[in-house]
Amino acid sequence: MSKKVILSGVQSTGNLTLGNYLGAIKNWKKMQEDYECHYMIANLHTLTIRNDPEKLRSNTLNLLALYIAAGIDPEKSNIFIQSQVASHAELAWVLNCFTYMGELSRMTQFKDKSTKHADNINSGLFTYPVLMAADILLYQADLVPVGEDQKQHLEITRDIAERFNGIYGKTFKIPEAYIGENAARVMGLQDPTSKMSKSSVIPNDSIFLNDEPDEIMKKFKKSVTDSENIVRFDVKEKPGISNLISIYSAITRKK
Ligand code: TYM
């Protein structure tokens, strides 16, 4: 029997956070043992913000190094750079013609990012999920290991694929999101009501994979908790403590 196909990727906007690692890459590593895996460096997706070309080139290669350091084995998995495979952008154009403005305007990431980058709301930011759909559908992927914030993009990918198949016959496999049980949404250490993000402007909010160990300890020690003198898991009432418990559980594999 042929192996199931996996595709996933991370944007090459510099460093990786602990959220990227626990939410996605940690699962990629496990999957490469049993599946046909394609792990992409999503450098075209980064063009929605303004980049220095030199920096983008070095970020792309740094991300490749981080994939390997995180355990993605080039002997077992296909690691590639999105911009080097022209079919991604080509299929994105075709799929754009099967995607409605209305459904794209419901994407929460578009709403968040257009608030964050109010001076540069370009159409790439709007059609970004279509490029992601092309990435996935091009490989006829069965499963897409991602963190919870990408779930909506997986849903629109399925809708686009089903629409296309409905018109032209079975062309694309309908992919499923694979969202791990633990740490699917790692929150910021200073603002535990927002996800930990590469672009957080709050100091000490994100742990980066190439932070030094003592810097990591310092960030955890400074993390926001609450005034109650008790440790318990309650995301609503105690988001800071609950986030720390989830991180601890994901790293130590204790339930
Ligand atoms: P990106 O680069 O924002 O994030 C990469 C992966 O990390 C996960 N992630 C998190 N998981 C848990 N907690 C967090 N705080 C956290 N922050 C990020 C994301 O869910 C994601 O799995 N559009 C995608 C990149 C992409 C892609 C694709 C992914 C392009 N094409 C095709 C899958 C398939 C993105 O911007 O992810």
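For segment 69-79, indicate whether the set of residues that are more than 16 Å from residue 141 (Cα to Cα), within 10 Å of the ligand (Cβ to nearest atom) and not in a strand (DSSP E or B) is non-empty.
no
All but one of (1) crowded, with 17+ Cβ neighbours inside 10 Å; (2) outside any loop (DSSP other than H, G, I, E, B) hold for residue 204, so report the exception by its number.
Going through (1) crowded, with 17+ Cβ neighbours inside 10 Å; (2) outside any loop (DSSP other than H, G, I, E, B) one by one, residue 204 breaks only (2).
Looking for whichever is more than 10 Å from the ligand (Cβ to nearest atom) and under 20 Å from the mean Cα position of the chain (by Cα) here; the options are 174, 167, 179. Which one fits?
It is 174.
Between residues in segment 13-40 that are in contact (Cβ under 8 Å) with a residue 12 or more places away in the chain and within 8 Å of the ligand (Cβ to nearest atom) and residues that are among the small types (Gly, Ala, Ser) and not in a loop (DSSP other than H, G, I, E, B), which pairs lie under 8 Å by C-beta distance while being six or more apart or on different chains?
22/250; 24/8; 40/8; 40/9
Which residue is nearest to the chain's Cα centre (by Cα), if the candidates are limited to segment 117-138 and must be away from the ligand (no atom under 13 Å from the Cβ) and not hydroxyl-bearing (Ser, Thr, Tyr)?
126
Do the conditions hold for residue 231, that is, is it under 30 Å from residue 138 (Cβ atoms) and β-branched (Val, Ile, Thr)?
no
Of all residues in segment 207-241, how many are in contact (Cβ under 8 Å) with a residue 60 or more places away in the chain and in a loop (DSSP other than H, G, I, E, B)?
3
Whether any residue in segment 79-94 is farther than 24 Å from residue 127 by Cβ, free of Cβ contacts under 8 Å to residues at least 60 places away in the same chain and open to solvent by less than 60 Å² (accessible area, probe 1.4 Å) is what I want to check.
yes
Out of 232, 163, which single residue is of a type in the set (Lys, Arg) and modelled with pLDDT of 95 or more?
One residue alone meets the criteria, 163.
Among the candidates 178, 168, which residue alone is among the hydroxyl-bearing types (Ser, Thr, Tyr), without any contact (Cβ under 8 Å) to a residue 12 or more places away in the chain and under 30 Å from residue 95 (Cβ atoms)?
Unique residue meeting the criteria: 168.
Please give the number of the condition residue 100 fails out of (1) more than 16 Å from the ligand (Cβ to nearest atom); (2) closer than 26 Å to residue 31 by Cβ.
(2)
Hey, residue 227 hits all of (1) buried (at least 20 other Cβ atoms within 10 Å of the Cβ); (2) more than 10 Å from the ligand (Cβ to nearest atom) but one; which does it fall short on?
Among (1) buried (at least 20 other Cβ atoms within 10 Å of the Cβ); (2) more than 10 Å from the ligand (Cβ to nearest atom), residue 227 violates only (1).
Please enumerate the residues belonging to segment 166-188 that are modelled with pLDDT of 95 or more and out of contact with any helix residue (DSSP H, G or I) (no Cβ under 6 Å at 6 or more places or on another chain).
Those that are modelled with pLDDT of 95 or more and out of contact with any helix residue (DSSP H, G or I) (no Cβ under 6 Å at 6 or more places or on another chain): 166, 167, 168, 169, 170, 173, 176, 178, 188.
Can you list the helices (runs of 4 or more DSSP H) lying wholly within segment 99-180 that have 2 or more residues being open to solvent by less than 30 Å² (accessible area, probe 1.4 Å) and under 25 Å from residue 3 (Cα atoms)?
Of the helices (runs of 4 or more DSSP H) lying wholly inside segment 99-180, those with at least 2 residues that are open to solvent by less than 30 Å² (accessible area, probe 1.4 Å) and under 25 Å from residue 3 (Cα atoms) span 123-138, 151-168.
Taking into account only those residues within segment 7-61 that are in a helix (DSSP H, G or I) and small (Gly, Ala, Ser), which is farthest from residue 247 (Cα to Cα)?
Of everything passing the filter in segment 7-61, 58 is farthest from residue 247 (Cα to Cα).
Go through segment 222-255 residue by residue and tally those that are of a type in the set (S, T, N, Q) and over 25 Å from the mean Cα position of the chain (by Cα).
3
The values are calculated or read from the model by the stated rules, or taken from the named source; none is laboratory data. The shown structure was predicted, so the numbers you read here are calculated from the model rather than taken from an experiment. Note that we place each Cβ from the backbone using ideal geometry, even for glycine, and neighbour counts take in every protein chain shown. Just the protein is used for accessible areas: all its heavy atoms, side chains included, with ligands, DNA and RNA removed. Shrake-Rupley method; radii C 1.70, N 1.55, O 1.52, S 1.80 Å.
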